[in-house]
Amino acid sequence: MKTTRREFLKISAVGTSVIAGNMILGGCARKNADSQTDGNLIKNVLGDNRPVNMTDYAAPKLDRVRIGFVGIGDRGRDAVERMTHIEGVDIVAACDKRPAAIDGTQAILQSAGLPKAKEYGGSEEAWKGLCEDPDVDLVYICTGWDLHTPVAVYAMEHGKHVAVEVPAARTLDECWQLVETSERTKRHCMMLENCCYDFFELLTLNMARQGYFGDIIHGAGAYLHDLLGFNFFKPIDDVQADGYGYTDYWRLKENRDRNGNLYPTHGLGPICQIMNINRGDKMDYLTSMSSDDFTMEKKANEKAATDPDFIPFANHKYRGNFNVTTIRTHLGRTILVEHDVSTPRPYSRIHQIIGTKAMAQKYPGPERISSNIKEAWLNGEEMDEIKKKYTYNLVNRIGDLAREVGGHGGMDFIMDWRLIDCLRNGLPLDQTVYDAALWSCIAPLSEWSVAHRSNSIDVPDFTGGNWKTNKPLDLTNA
């Protein structure tokens, strides 16, 4: 007799670790850190009869993509503006609990000469109305992390495709919810991992596809970004402007209540695509270690001494400043993912690719690629030749417009343009729900490992074994 997902979760809930008051693994079975039992205990909880493989699933074409935005802070507002430059898009709905955020969206549309969007606001669950709106095809989610999965699941249940900001989920249970719902409803769920569309990341992806690096051995990625001050900015609900922090201090709460690599996907996503993770290889297990916190509690105590709004954040233990997570894949490759958002340092995602013939690294600049003929970095003229040879047609076609419109140098625009292009032409998405679940699950798995003296923990296979036959991502004809 087969066990359903819900029955499995009930059974496996016995013994689930509770970390910092949260069931970070969401009931999913895992390797016991104390006894180190062997075998693959992270299982496919959806069973064998899965309705569709979303890796190669092509939804019916949409002549025009009608978008509803949920959460219109800095990220959501920028996304609205970018979408006004893309052909075949109608921005039909906007949702935020802050009236000023919706007003800002309407101003963007008016400036672009576009019709006003329907407004959904006034309550914490106004997003449900937008998800139920029959005039919406795609729900674009830019809320705080805790709403990413609830909104995405509700939207798919109501027939909408979903684009959700990173991370797509906070727990393993949420990751499985996204996969189950996407497969059952046959609706796309793409995590908006913009770094997969940065110019250098796309260049190295094509170079890997063409065999420049040889066999890929190791990849390193990171999110190293000093957000200490920004986490403590006071959010002002009636002002929509840069520099006013996270609504309700949501990101500060994440750093207070969880300890691990909470934001792995920016560095991890491009590495996974290059290594064909979920498409010929899979992650087997990971181990994670965090330093102590040397800055955040101190900052919270200083703020609380003069501002009562910060008293709830004072005298708490915070996530360790620096986290290092290492992953081993089924084919014997290794991945290093680093995370630090609370110490003074230059921004870096590392993006290092090491193969049997050559390597590449983006940070610290300048971008560098080694020769696959001699042990040396390519010079400027040689780099120009590499870019000319390996830049995707996609970048040649819309790269200049992307740089003009912007969004982290243009990668956000390329991401949005490609998403709309796939939906309008009935193409499988570059990033699938399995990628969203896998890249996001590194956070709760790292929390478990950190809490258990960096013991290793198995990584789920969200594809249900289809990683063995799924074709690698091919952007040659994009």
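The values are calculated or read from the model by the stated rules, or taken from the named source; none is laboratory data. In this text the structure is predicted, and so the values were computed from the model without any measurement. Please note: Cβ atoms are built from the backbone with ideal geometry, for glycine as well, and neighbour counts cover all protein chains shown. Side chains included, ligands, DNA and RNA excluded: accessible areas come from the protein's heavy atoms. Shrake-Rupley method; radii C 1.70, N 1.55, O 1.52, S 1.80 Å.
Here are some notes:
- Filtered residues of region 127-186 (kept if under 14 Å from the mean Cα position of the chain (by Cα), among the polar types (S, T, N, Q) and assigned to a helix (DSSP H, G or I)): THR149
- When residues of region 357-370 are limited to those that are part of a strand (DSSP E or B) and under 23 Å from LEU475 (Cα atoms), the one most open to solvent (accessible area, probe 1.4 Å): ARG368
- Odd one out for ALA443, checked against (1) open to solvent by 60 Å² or more (accessible area, probe 1.4 Å); (2) of a type outside the set (D, E, K, R); (3) touching a Ser or Thr at 6+ places or on another chain (Cβ under 9 Å): (1)
- Filtering region 429-478 to residues that are assigned to a loop (DSSP other than H, G, I, E, B) and closer than 22 Å to SER291 by Cβ leaves HIS452, ARG453, SER454, ASN455, SER456.
- Looking across region 400-427, just one residue is more than 15 Å from CYS196 (Cβ to Cβ), touching a helix residue (DSSP H, G or I) at 6+ places or on another chain (Cβ under 7 Å) and surrounded by 17 or more Cβ atoms within 10 Å (Cβ to Cβ), and that is VAL405.
- For region 422-478, the candidate set comprises residues that are more than 10 Å from ASN278 (Cα to Cα) and basic (Lys, Arg); within that set, the residue that is farthest from the chain's Cα centre (by Cα) is ARG453.
- Looking across region 192-235 at every residue that is of a type in the set (Phe, Trp, Tyr) and not in a loop (DSSP other than H, G, I, E, B), the one that is farthest from TRP417 (Cα to Cα) is identified as PHE230.
- Criterion applied to ILE373, ILE386, ILE354 was being farther than 18 Å from CYS195 by Cβ, assigned to a strand (DSSP E or B) and not charged (D, E, K, R), and the one residue passing it is ILE354.
- Test set (1) open to solvent by 40 Å² or more (accessible area, probe 1.4 Å); (2) in contact with a Phe, Trp or Tyr (Cβ under 7 Å, 6 or more places away or on another chain) - PHE462 fails condition number: (1)
- Selected residue [open to solvent by less than 10 Å² (accessible area, probe 1.4 Å), farther than 30 Å from ALA358 by Cα and free of Cβ contacts under 8 Å to residues at least 40 places away in the same chain] from ASN255, ASN315, ASN231, ASN321: ASN321
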